[in-house]
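Have a look at the structure below, then the notes.
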Amino acid sequence: MGWAIALHGGAGDIPLSLPPDRRLPREAGLRHCLDVGIAALKAHKHPLDVVELVVRELENHPHFNAGKGSVLTTSGTVEMEACIMDGKTKKCGAVSGLSTVVNAISLARKVMDKTPHIYLAFDGAEAFAREQGLETVDPSYFITPENIERLKQAQEANRVQIDYTQPIQKEVKKDDASVDGDSQIGTVGCVAVDNEGNLASATSTGGLVNKMVGRIGDTPIIGAGTYANHLCAVSATGKGEAIIRGTVARDVAAVMEFKGVSLKEAAAYVVEQVPPGNVGLVAVSSTGEVTMPFNTTGMFRACATEDGHSEIAIWDSPSK
Amino acid sequence: MGAWAIAVHGGAGVDPNLPKERQEEAKRLLTRCLNIGISALRSNLPAIDVVELVVRELETDPLFNSGRGSALTENGTVEMEASIMDGPKRRCGAVSGLTTVKNPVSLARLVMDKSPHSYLAFSGAEEFARNQGVELVDNEYFITEDNVGMLKLAKEANSILFDYRIPTIGTCGAGAAMDSPLQMNGLPISVYAPETVGCVVVDKEGRCAAATSTGGLMNKMTGRIGDSPLIGSGTYACDLCGVSCTGEGEAIIRSTLAREVAAVMEYKGLNLHEAVDYVIKNRLDEGKAGLIAVSKNGEVACGFNTTGMFRGCATEDGFMEVGVW
């Protein structure tokens with residue numbers, strides 16, 4: 001037993017040659033967010049508050065695809081989504097289609113705490129944000145020059161592109177609009193457990209580059225991108241459509257519960273079931289285990305446990 | 001090889017005082033939809049086509065809360081949602097926030113077949129509908145007089161404002177709640193329109209599919225998304241089974257109810273009936289819901305912990321049943 005925390009900044013085909021100017025700020029961001037989470041756990045904050053706090057930090061960081069730095073839709077707009085879940089009560093909140101809310105994760109928390117519903121989207125969610133007095137800004141706040149360029153590239157290549165992608169060569173253009181293989185992926189998330197075994201999970205994203213307006217991914221869907229119960233908390237990242245189909249986050253908990261295996265085994269099994277290149281996740285169990293498996297080239301990730309273990313990594317896991 | 005099976009539902013949580021005539025009307029509609037599904041299965045249509053066909057029929061009839069006859073938002077408008085899933089490759093499509101699409105389930109099918117995504121919502125979904133050339137109608141088309149009256153009652157009961165997750169004290173409701181202490185989704189059951197329609201099918205090849213469609217909750221906030229479009233919650237299909245749920249959306253989402261049936265089959269090795277019993281007994285916490293399910297072996301099951309669920313099922317060997325209580 002003991003507290004534990006893990007967070008991610010997206011899994012995907014992150015090239016080993018990722019230039020330092022793209023790698024270092026993300027590593028620094030992960031370190032900063034991990035420290036924020038550790039301090040909060042040491043101060044005995046509830047994991048639900050900890051994951052919200054950490055995801056807010058990740059959203060505010062322009063190098064990750066959530067909040068400021070979100071990728072753009074086919075119309076050049078931002079549509080953000082987020083989800084939060086408490087393990088013991090299984091209470092949860094989710095939002096989609098946000099264009100002005102600075103911290104989508106905090107609106108998800110408000111939906112959980114202040115409405116009879118779980119999930120609000122688009123205009124209704126925006127109206128609720130105003131009613132609750134959450135910080136809102138002009139949609140241009142979220143749009144970074146890097147993401148305008150990324151959208152331009154994606155549209156030239158006439159395809160939907162997932163975050164962190166290298167410039168795409170024209171010759172890989174596909175007739176089929178569907179994405180597979182070479183893309184890289186966004187999203188941020190955090191899971192935490194305290195000494196009493198309270199668990200929580202939170203995930204937030206801008207979605208896919210050049211996504212259709214109105215597209216909803218796995219992030220806000222309970223059981224797909226985000227899930228927590230009395231056994232574990234899970235936040236997934238990768239190709240949304242594959243994660244939805246695989247009900248990835250819920251399945252980690254289901255395999256633990258119904259097969260009686262450890263968190264590590266359950267998470268490894270679930271990731272293995274998803275076609276390679278599509279998914280990564282971070283998870284903690286009620287007993288303080290941590291695991292961060294992925295079947296993509298890399299995943300921006302960090303974790304720490306009460307016994308002093310701490311890790312920040314992008315590619316192959318040293319803990320494997 | 002296997003035998004086909006089909007089940008349909010028209011919502012869980014039925015007012016015990018619902019007039020007999022209305023019950024009979026519901027049973028006739030369920031029977032008609034079952035028969036449409038049965039003849040499609042006899043013509044060897046794949047399961048995925050059959051669930052779409054049957055749910056379209058349920059949407060088009062104003063009786064249940066989907067398509068025409070959908071429950072109204074607090075603003076008196078209709079916002080519909082639906083999802084569909086094909087077991088063999090677990091392909092899926094979902095839509096939310098539709099206001100003009102005559103058959104939401106067919107748009108969900110097009111999201112699955114014709115878009116790179118799994119889920120489209122609100123204006124983006126409407127735009128996709130226009131691009132795909134599906135039938136569009138004015139929002140008025142979906143609004144029935146019955147539902148305008150129900151919305152008024154719901155607003156009088158004001159009960160959506162209090163959170164049903166917090167234990168309620170029996171005496172605090174408005175007049176309508178006093179008549180009928182039973183509640184669904186925080187609404188007195190006399191006002192609550194049984195949510196949602198759904199269909200699950202396994203065809204002769206053993207392919208399972210599921211589809212669910214709804215107008216959502218009476219007096220809901222605009223923008224509210226329930227369980228129906230959420231893969232794993234309201235709808236799920238895989239190699240083993242197909243499941244469609246109905247009831248208190250938030251309880252269904254928290255328990256990822258549809259996937260749960262499949263998960264206990266897959267990971268615990270239970271058969272379909274055991275799995276359905278298990279999730280209804282153990283997985284709904286305080287919530288109320290019902291579900292229908294078929295397995296690849298041609299079994300059919302339904303379970304609910306509500307007062308009643310509009311449902312019907314049939315199997316290839318000639319068994320057919322339509323029930324409410």
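The values are calculated or read from the model by the stated rules, or taken from the named source; none is laboratory data. Since the structure is predicted, the reported quantities are computational estimates derived from the model, not experimental observations. In this analysis, Cβ positions are derived from the backbone assuming ideal geometry, glycine residues included, and neighbour counts consider all displayed protein chains. What goes into the accessible areas is simple: the full protein's heavy atoms, side chains included, and nothing from ligands, DNA or RNA. Shrake-Rupley method; radii C 1.70, N 1.55, O 1.52, S 1.80 Å.
With springs only between Cα atoms under 10 Å, which of A:GLY93, A:GLY277, A:GLY186 fluctuates most in a Gaussian network model of chain A?
Looking only at A:GLY93, A:GLY277, A:GLY186, the largest GNM fluctuation is found for A:GLY277.
Give me a single rounded figure for B:104-116: the average over its residues of other chain Cβ atoms within 10 Å of their Cβ.
2
Which one, B:PHE64, A:ALA268, B:THR196, is farthest towards the positive end of the dipole of the protein assembly as shown when Lys and Arg carry +1 and Asp and Glu -1 on their Cβ?
The listed residue farthest towards the positive side: A:ALA268.
Calculate how many DSSP beta bridges within the protein assembly as shown are antiparallel, expressed in % of all such bridges and rounded to the nearest 5.
Working: 102 of 113 bridges.
Around 90 percent antiparallel, to the nearest 5.
Anyone know which of A:LYS152, A:LYS110, A:LYS239 comes out most mobile in the 10 Å Cα GNM of chain A?
Evaluated over chain A, the most mobile residue of the options is A:LYS152.
Report, in degrees rounded to the nearest 10, the 0 to 90 angle that the Cα long axis of helix B:145-157 makes with the longest principal axis of chain B.
For B:145-157 against chain B, the angle is about 60 degrees.
Would you work out what percent of the accessible area of the range A:4-313, with all protein chains in place, is carbon or sulfur (probe 1.4 Å)?
51 percent
In deg cm²/dmol, rounded to 500, what helix-only [θ] at 222 nm does chain B give when every DSSP H run of at least 4 residues adds -39500 (n - 2.57) and the total is split over its residues? Write down the numbers at each step before the final one.
Numbers: 9 runs with 106 residues, N = 325.
Taking each H run of at least 4 residues, the total per residue is -10000 deg cm²/dmol.
B:GLY93: net charge of surrounding residues, Cβ under 12 Å, Lys/Arg +1, Asp/Glu -1, itself excluded?
Residues close to B:GLY93 contribute a combined charge of +1.
Within 11 Å, Cβ to Cβ, of B:SER123, how many net charges do the neighbouring residues add up to if Lys/Arg are +1 and Asp/Glu are -1?
Summing Lys and Arg as +1 and Asp and Glu as -1 gives -3.
Going by alpha carbons, how many degrees (0 to 90, nearest 10) lie between the helix axis of B:104-114 and the longest principal axis of chain B?
Once rounded, one gets 40 degrees.
Which value in deg cm²/dmol, rounded to the nearest 500, describes the helix-derived mean residue ellipticity at 222 nm for chain A, given -39,500 (n - 2.57) per DSSP H run of n ≥ 4 and division by the residue count?
-9500 deg cm²/dmol, from helical runs alone.
The range A:107-127 to the range A:12-71: how many Å between their Cα centroids?
24 Å
What total accessible area, in Å², is buried where chains B and A meet, using a 1.4 Å probe and rounding to the nearest 100?
3800 Å²
Leaving out ligands, DNA and RNA but keeping every protein chain, what accessible area does B:PHE319 have, in Å² rounded to the nearest 10, with a 1.4 Å probe?
Near enough 90 Å² of accessible area.
Need one number: % antiparallel among DSSP beta bridges in chain A, to the nearest 5.
Numbers: 48 of 53 bridges.
Of those bridges, close to 90 percent are antiparallel.
If you add up the charges near A:CYS303, with Lys and Arg at +1 and Asp and Glu at -1, over every other residue whose beta carbon is less than 11 angstrom from its beta carbon, what do you get? Could you put the intermediate results ahead of the total?
Working: positive: A:ARG301; negative: A:GLU289, A:GLU311.
Its environment carries a net charge of -1.
Angle, helix B:272-282 long axis vs. longest principal axis of chain B, Cα atoms, 0 to 90°, nearest 10?
30 degrees
What ranking do A:46-58, B:13-25 get when scored by the average of other Cβ atoms within 10 Å per residue, highest first?
Values: A:46-58: 25.9, B:13-25: 14.5.
Final packing ranking: A:46-58, B:13-25.
Could you pull out the chymotrypsin sites (Phe, Trp or Tyr not before Pro) across the range B:89-148 that fall in loop regions by DSSP (anything but H, G, I, E, B) with no more than 16 other Cβ atoms inside 10 Å?
Passing sites in the range B:89-148 do not exist.
Quick one: which of B:256-262, B:39-45, B:211-217 comes out on top by average Cβ neighbours within 10 Å, and what's the full order, highest first?
Peptide ranking by packing, descending: B:211-217, B:256-262, B:39-45.
Given a 10 angstrom Cα cut-off, can you work out which residue in B:ILE292, B:ILE253, B:ILE36 is the most mobile in a GNM of chain B?
Maximum among the listed residues: B:ILE36.
Given B:LYS155/B:LYS288; B:LYS89/B:LYS114; A:LYS90/A:LYS259; B:LYS20/B:LYS102, which pairs have Cα atoms separated by over 18 Å?
From the list (B:LYS155/B:LYS288; B:LYS89/B:LYS114; A:LYS90/A:LYS259; B:LYS20/B:LYS102), the Cα-Cα distance tops 18 Å for B:LYS155/B:LYS288; A:LYS90/A:LYS259; B:LYS20/B:LYS102.
Just how much of B:TRP4 is accessible, in Å², when a 1.4 Å probe is used and the result is rounded to the nearest 10?
Taking all protein chains as shown, B:TRP4 has close to 10 Å².
Cα centroid distance between the range B:252-318 and the range A:274-288, in Å?
27 Å
Would you be so kind as to list the residues of the range A:116-133 that have their accessible area lowered by at least 20 Å² in the full protein complex compared with their chain by itself (1.4 Å probe)?
Output list: A:PRO116, A:HIS117, A:ILE118, A:TYR119, A:LEU120, A:ALA121, A:PHE122, A:GLY124.
Quick one: pull the percentage of alpha-carbon pairs in chain A with a separation above 32 Å. Don't skip to the end; give the middle numbers.
Numbers: 9299 of 51040 pairs.
In whole percent, the long-distance tail amounts to 18.
Where only protein heavy atoms count, and the probe is 1.4 Å, what is the accessible area per residue for the range A:4-313 in Å²? Each step should come with its number before you reach the end.
Values: 9680 Å² over 310 residues.
Per residue, the range A:4-313 has an accessible area of 31 Å².
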